[in-house]
Ligand SMILES: *[C@@H]1O[C@H](CO)[C@@H](O)[C@H](O)[C@H]1NC(C)=O
Ligand SMILES: *[C@@H]1O[C@H](CO)[C@@H](O)[C@H](O)[C@H]1NC(C)=O
């Protein structure tokens, strides 16, 4: 055989051989491929406690991890840094921590927050609250910083409350979305929750790449603007994901355990303008101790992480659904049996086979308490194959 012919023969073999087809959802068998502690409370950067991990992809294929660096206590109020680390090699190595926002001595400083990527203009936007608890300060404000260079530099904070009004709004924590499908393709949708009494899920929207924002959907707590009792309806921290039909599914913390000790799920079919009660349900499979959880839709599969326990923040677990969250696979991956709290999931999508194989999880992890460290996981979806 001449070499030309051999080439043809070999390429035919490659084409015809069944090979390991590792991108079929039915073969999902997640494996924790790598784990790294990105922040350790009390040990790094003159910070008392790192909490509230958030992670995102960037338009250039980098990963950005964020956390609150709580300066002097572990409490939700108090002064903080907004800490960031950046990886340009798919999570293998990370830059040192940079503090991209410093709120000084604010008695009720910044609270993370949602990161949202605008792929149309190549920007990364972070939205966070200051003075959310109105603890020795007033009013609560919604703030935004933006990076146009893959997270290397950030704009000065911009006060969105000037156009939104001074209603308390705590975004996420997690990511906001840019609509990839109609309706409202291109819209930025950032969902979060309201004040302690006026709680509920609220979404802010931008149709001009973050230049201007307005309030969209609201799912209010009952009784709204009144002190809650145990088991009242009190939707709280939330993570939206866009499904492939263009609807937005929001997975919500059920703060007062209304109906169940499990997650609330609500769906918007109009790009985040409304959250009808008709499209709300309680997912009894997603047992939850009232916490911020992670969710991601990747290649038609829905992933979910939370401390899967109805009373305490322990047992961080990864689940996946091949039916848009209607049912969950019986198999689960227990990521950490011990104390574990908030989590967030992202993935890269350059169209490469490599990027189809991984998701990335960031979560609060500890031995005695969940706020001891913030850990990053690279998860191989097909068992390392
Ligand atoms: C943001 O703007 C609102 C409305 O003008 C104002 O009341 C608030 O003090 C501002 N917040 C900050 C942190 O500048
Ligand atoms: C951990 O999560 C799994 C899956 O939900 C559950 O079967 C198990 O009972 C949980 N264990 C604890 C200690 O919460």
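The values are calculated or read from the model by the stated rules, or taken from the named source; none is laboratory data. Note that the structure is predicted; figures quoted are calculated from it, not measured. Reconstructed Cβ throughout: ideal geometry from the backbone, glycine too, with neighbour counts over all protein chains shown.
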Worksheet item: Considering only residues of region 137-152 that are touching a residue at least 60 places away in the same chain (Cβ under 8 Å) and part of a loop (DSSP other than H, G, I, E, B), which is farthest from ligand 2 (Cβ to nearest atom)?
Response: 152
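Could you tell me whether any residue of region 327-336 is closer than 17 Å to residue 264 by Cβ and over 13 Å from the mean Cα position of the chain (by Cα)?
yes
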Worksheet item: Looking at this structure, is residue 349 in a loop (DSSP other than H, G, I, E, B) and touching a helix residue (DSSP H, G or I) at 6+ places or on another chain (Cβ under 7 Å)?
Response: yes
Worksheet entry | Matching residues in region 165-180 - criterion: being more than 9 Å from ligand 1 (Cβ to nearest atom) and surrounded by fewer than 19 Cβ atoms within 10 Å (Cβ to Cβ) | 167, 180
Fill in: Failed item, numbered, when residue 334 is tested on (1) in contact with a strand residue (DSSP E or B) (Cβ under 8 Å, 6 or more places away or on another chain); (2) under 14 Å from residue 57 (Cβ atoms)
(2)
Worksheet entry | Residues within region 225-252 that are closer than 16 Å to residue 170 by Cα and under 13 Å from the mean Cα position of the chain (by Cα), tallied | 7
Practice prompt. Filter region 115-157 for residues that are closer than 14 Å to residue 194 by Cα and surrounded by 14 or more Cβ atoms within 10 Å (Cβ to Cβ) and give the result.
Written response: 128, 129, 130, 131, 132, 133, 134, 140, 141, 142
Discussion item. Just to be sure I understand the filter: pairs with C-beta atoms under 6 Å, separated by 6 or more residues or on different chains, first member in region 84-105 and surrounded by 19 or more Cβ atoms within 10 Å (Cβ to Cβ), second member assigned to a loop (DSSP other than H, G, I, E, B) and at pLDDT below 95. Which pairs pass?
Written reply: 97/45
Worksheet item: Across region 334-359, what is the total count of residues that are within 16 Å of ligand 2 (Cβ to nearest atom), more than 26 Å from residue 279 (Cβ to Cβ) and surrounded by 16 or more Cβ atoms within 10 Å (Cβ to Cβ)?
Response: 6
Discussion item. For region 118-164, give me each residue that is within 14 Å of residue 100 (Cβ to Cβ) and within 14 Å of ligand 1 (Cβ to nearest atom).
Written reply: 127, 128, 143, 144, 145, 156, 157, 158
Worksheet entry | Pairs, first at positive phi and modelled with pLDDT of 95 or more in region 306-318, second within 9 Å of ligand 2 (Cβ to nearest atom) and in a loop (DSSP other than H, G, I, E, B), C-beta under 8 Å, six or more apart | 315/308; 315/309
Discussion item. When you scan region 110-117, do you find a residue that is part of a loop (DSSP other than H, G, I, E, B) and away from ligand 1 (no atom under 11 Å from the Cβ), even just one?
Written reply: no
Fill in: Residues being at pLDDT 50 or above and surrounded by 10 or more Cβ atoms within 10 Å (Cβ to Cβ) - total across region 5-45
22
